Amino acid sequence: MSPLAQLAAFLTLASTALSAPSNVLPRAQTVYLAGDSTMAKTTGNTQGWGEYLPLSLSLPVKNNAIGGRSARSFTVEGRFDTIISAVQPNDIVIIEFGHNDGGSLSTDNGRTDCPGAANETCKSTYNGQSVTVLTYPAYLFNAGQALIKKGAKVIISSPTPNNPWETGTFTYSSSRFTTYSQDVVKKLGDSATFVDHGTYVANIFKTYGKTKVDALFPNDHTHTSPAGADTVSKAFVKGVLCAGGGFLNGFVKNATASVEGACV
């Protein structure tokens with residue numbers, strides 16, 4: 001074989017070796033949601049904000065949130081494990097709890113976390129069995145750490161507010177779960193970010209006034225109507241955009257100025 005023919009054969013072989021297999025398809029990052037009923041898909045006259053997030057993102061969204069769950073029960077039921085098993089590198093997981101994590105362990109409902117800001121543990125009895133209960137930060141950190149080890153990126157957001165106009169005048173202050181979430185993100189490092197969702201929602205609700213906001217809570221002070229869920233979803237997007245986009249940079253369809261609310 002002539003030197004020229006040898007070179008041609010080598011280049012053909014190299015091109016074949018470097019080509020991607022024909023059965024391997026490009027894969028878009030996926031956004032997973034972990035949360036409670038304020039995020040989850042529901043029925044009737046209320047809806048969770050996670051159902052509206054796909055309208056603002058160019059990535060597929062899988063809403064794994066489920067009503068009535070806390071960071072503790074989402075963990076114990078294996079729901080975090082389901083997401084951890086599914087994620088692939090560069091997937092994004094948004095975690096938001098807090099509405100069901102309070103209460104007392106004296107009458108354990110399976111959702112209440114152990115009080116504390118670190119690695120405290122509590123002994124409790126639930127369904128006739130002795131259990132060890134962790135703190136809210138511990139549940140979030142354990143889940144976040146496992147997700148990051150799989151190559152995922154984690155966004156932890158503060159819980160949405162109850163109707164801040166419920167008393168007749170506007171009242172909102174961040175709960176301890178906001179501080180816990182911020183602390184967990186710092187502990188997780190560069191693969192995690194925090195969005196103060198609660199504050200962004202509250203600020204928008206303040207501009208709406210009592211009558212408009214009351215109409216967004218048709219049943220109680222926690223669960224929003226579809227229109228309310230849409231507003232709450234946009235508030236999350238506003239928080240992401242105001243922080244520069246973070247892990248969702250380039251995947252948000254909206255420009256910052258086009259989303260209602262102000263950066264904080």
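The values are calculated or read from the model by the stated rules, or taken from the named source; none is laboratory data. What you see is a predicted model; the values in this text were computed from it and never measured. When we count neighbours, we look across all protein chains shown, and the Cβ atoms used for this are built from the backbone with ideal geometry, even at glycine. For the accessible areas, the whole protein counts, side chains as well, though only heavy atoms, and no ligand, DNA or RNA atoms are used. Shrake-Rupley method; radii C 1.70, N 1.55, O 1.52, S 1.80 Å.
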- Query: When the chain is fully extended, how far beyond the present Cα-Cα distance does His221 get from Thr82, taking 0.36 nm per residue of separation?
  - Reply: 47.0 nm
- When every protein chain stays in place and a 1.4 Å probe is rolled, Lys123, Lys153, Lys212, Lys238 sorted by accessible area with the largest first are Lys123, Lys212, Lys153, Lys238
- Task: Can you spot the lysines whose alpha carbon is less than 28 Å from Lys187's alpha carbon? Ignore those fewer than 8 places along the same chain.
- Result: Lys62, Lys123, Lys149, Lys150, Lys153, Lys234, Lys238
- Query: Given labels modelled 7 Å from the Cα in the Cβ direction, how far is it in nm from Ser258 to Asn127?
  - Reply: 4.7 nm
- Message: Could you report the accessible area of Glu77 in Å², rounded to 10, computed with a 1.4 Å probe on the protein chains as they sit in the structure?
- Response: 90 Å²
- Query: Among Thr75, Thr107, Thr132, Thr38, what's the order by accessible area (1.4 angstrom probe), most exposed first?
  - Reply: Thr107, Thr132, Thr75, Thr38
- In the chain, carbon and sulfur make up what percent of the accessible area (probe 1.4 Å)? 54 percent
- Message: Let me cross-check Glu120: its accessible surface, 1.4 Å probe, with only protein heavy atoms counted, in Å² to the nearest 10?
- Response: 80 Å²
- Could you grab the relative contact order for the range 31-248? Cα pairs under 8 Å, six or more apart, rounded to a whole percent. 22 percent
- Can you give the accessible area of His223, probe radius 1.4 Å, in Å² rounded to 10? 60 Å²
- Query: Cα-based Rg (one decimal) and Dmax (whole number) for the chain, in Å?
  - Reply: 22.3, 91
- Query: What residue among Phe194, Ser104, Ser56 has its Cα farthest toward the positive end of the dipole of the chain, where the charges are +1 on Lys, Arg and -1 on Asp, Glu, each on the Cβ?
  - Reply: Ser56
